[in-house]
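The values are calculated or read from the model by the stated rules, or taken from the named source; none is laboratory data. None of the values given here were measured: they were computed from a predicted structure. With ideal geometry, Cβ positions are generated from the backbone for all residues, glycine too; neighbour counts draw on all protein chains shown. We work out accessible area using only protein heavy atoms, side chains counted, and drop any ligands, DNA or RNA first. Shrake-Rupley method; radii C 1.70, N 1.55, O 1.52, S 1.80 Å.
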Amino acid sequence: MDTIRKILYHFCMNIPLSKSELEAAAARYGTPFYLYDEGAIRENMRRFAGAFSMFPAFREYFAVKACPNPYILKILAAEGCGADCSSLPELMLAEKSGITGERVMFTSNETPSAEFRFAAKLGAVINLDDITHIDFLERALGKLPELLCFRYNPGPLKKGNAIIGKPEEAKYGLTREQLFEAYPKALSRGVRRFGLHTMVASNELDPDYFVETATILFELGAELHRRFGIRLEFVNLGGGLGIPYRPGERAVDYDYIAKKIKAAYDDIIAPAGLAPLGVFWECGRPITGPYGWLVARAIHRKNIYRDYIGLDATMADLMRPGMYGAYHEVTVAGKEDAPGTHVYDVVGSLCENCDKFAVQRSLPEIDVGETTGDLVVIHDAGAHGRAMGFNYNAKLRAGELLRRTDGSITRIRRRETIDDYFATLDFSGLESFPV
Ligand SMILES: *Cc1c(COP(=O)(O)O)cnc(C)c1O
């Protein structure tokens, strides 16, 4: 059983490039680099959209923050995705990738008026995070848009999880009472089309969690209709669908979730006379997460109280392990099937002890060297990976490569340079700067 699981695991999880192909990419582009698999992203997106095609109006708004690369966005747009944005540059990225109008969802919080204006100019669906933002938006735009969505925070009704915390402690959304004030208020100010949104989980693998979330939104929609005659055009279930980072975890079954949500829809929405109602997602993680890898060279080994492998990538490239203690599968190119005979901490060069990609992990023996060392592959890095990176310790972030469906490799973002790091500094004033 264990052997079958391991084989399946390797089969499902393996990076699409062989060791020699990875070495060729490393020789051409240098290490570390991110690699994404276009074919796998498309195939997964088709399965996801296929599962939800039972809804008369379904749309996935890909959460741009998860993988903010216009090449990836363009591929996803070709698969029918919209874009979920929460800042001005994210809106601009969506626009540059050809995603505009109501294919853009603007789910922001603590939003400056200039960003609302840009979103409105794009024709994006604006999703308000607070009841006071009705007035704020009206001032920003001159008048409210025709279509408006509100983000619901169910508070103690939902349990939340470790990454996102408890809903009643989360800064997002309106309370239930506020929703019942906000919709009639918006209606009285000229809004004619409405949506309802919530997002209360992150990296959640329990499919029933999302069925419960959908049920809560459907019931709210029915109540809004009963009390105010407001007819929701869509509910947006947010993101938060998890992926199996750890061996032994199971991927969420899209068909199961879709079927159960459809049953709730048939129970609540159809009898309330609210069909057809759009069912939207704004997932990031399950869309690109499993189909992106961070590839780094093992350059140092040290043996002190523990045995360490030092990579040329750092937490600046992938901060999830350091930030959340998150688990990412690690494999060694060409040694995928070798037994885990050594226990290592696999680390980066940041002056922070949390800069560890893996802690006390059983791996095959790893050869080190600046040019001859093993290539170490960190899995499930395609969402909230490079995007979360930073420049602490003046570390420069990796670039991004895309394996196209025809097997060719395209660079879709170059690595950062020292000039990028210095770009915000003006050294010319330094000499005449009195101290
Ligand atoms: C982060 C976020 C998402 C995407 O979350 P994933 O876990 O990547 O699916 C969607 N909507 C909102 C509002 C978010 O903050």
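Observations on the model:
- Ala333 within 25 Å of Gly82 (Cβ to Cβ) and away from the ligand (no atom under 16 Å from the Cβ): no
- The set of residues in the stretch 219-266 being closer than 17 Å to Arg193 by Cβ and within 16 Å of the ligand (Cβ to nearest atom) consists of Phe234, Val235, Asn236.
- Residue satisfying condition, being within 30 Å of His379 (Cβ to Cβ), of a type in the set (Asp, Glu) and at pLDDT 95 or above, within set Glu223, Glu249, Glu219: Glu249
- Residue list for the stretch 189-212, filter: modelled with pLDDT under 95 and among the hydroxyl-bearing types (Ser, Thr, Tyr): Ser202, Tyr209
- Given (1) open to solvent by less than 60 Å² (accessible area, probe 1.4 Å); (2) within 14 Å of Val295 (Cα to Cα), number of the condition Asp345 does not satisfy: (2)
To keep it simple, each residue is scored yes or no on (1) within 16 Å of the ligand (Cβ to nearest atom); (2) on the phi > 0 side of the Ramachandran plot; (3) open to solvent by 10 Å² or more (accessible area, probe 1.4 Å); (4) touching a residue at least 40 places away in the same chain (Cβ under 8 Å).
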{"site": "Ala272", "(1), (2), (3), (4)": "no, no, yes, yes"}
{"site": "Ala275", "(1), (2), (3), (4)": "no, no, yes, yes"}
{"site": "Gly284", "(1), (2), (3), (4)": "yes, no, no, yes"}
{"site": "Arg297", "(1), (2), (3), (4)": "no, no, yes, yes"}
{"site": "His300", "(1), (2), (3), (4)": "no, no, yes, yes"}
{"site": "Tyr305", "(1), (2), (3), (4)": "no, no, yes, no"}
{"site": "Leu311", "(1), (2), (3), (4)": "no, no, no, yes"}
{"site": "Leu318", "(1), (2), (3), (4)": "yes, no, no, yes"}
{"site": "Tyr324", "(1), (2), (3), (4)": "yes, no, yes, yes"}
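- For the stretch 410-435, a tally of residues being among the hydrophobic types (A, V, I, L, M, F, W, C) and open to solvent by less than 50 Å² (accessible area, probe 1.4 Å) returns 1.
- Pairs meeting the criteria (first residue in the stretch 229-241 and outside the structural domain of Tyr209 (by TED's automatic domain parsing), second residue more than 6 Å from the ligand (Cβ to nearest atom), beta carbons under 7 Å, at least 6 apart or on different chains) are lacking.
- Only a single criterion out of (1) open to solvent by less than 60 Å² (accessible area, probe 1.4 Å); (2) closer than 26 Å to Glu115 by Cβ; (3) without any contact (Cβ under 8 Å) to a residue 60 or more places away in the chain is not satisfied by Cys149, namely (3).
- Selection from the stretch 185-206 of residues that are under 23 Å from Ala275 (Cβ atoms) and within 14 Å of the ligand (Cβ to nearest atom): Gly195, Leu196, His197, Thr198
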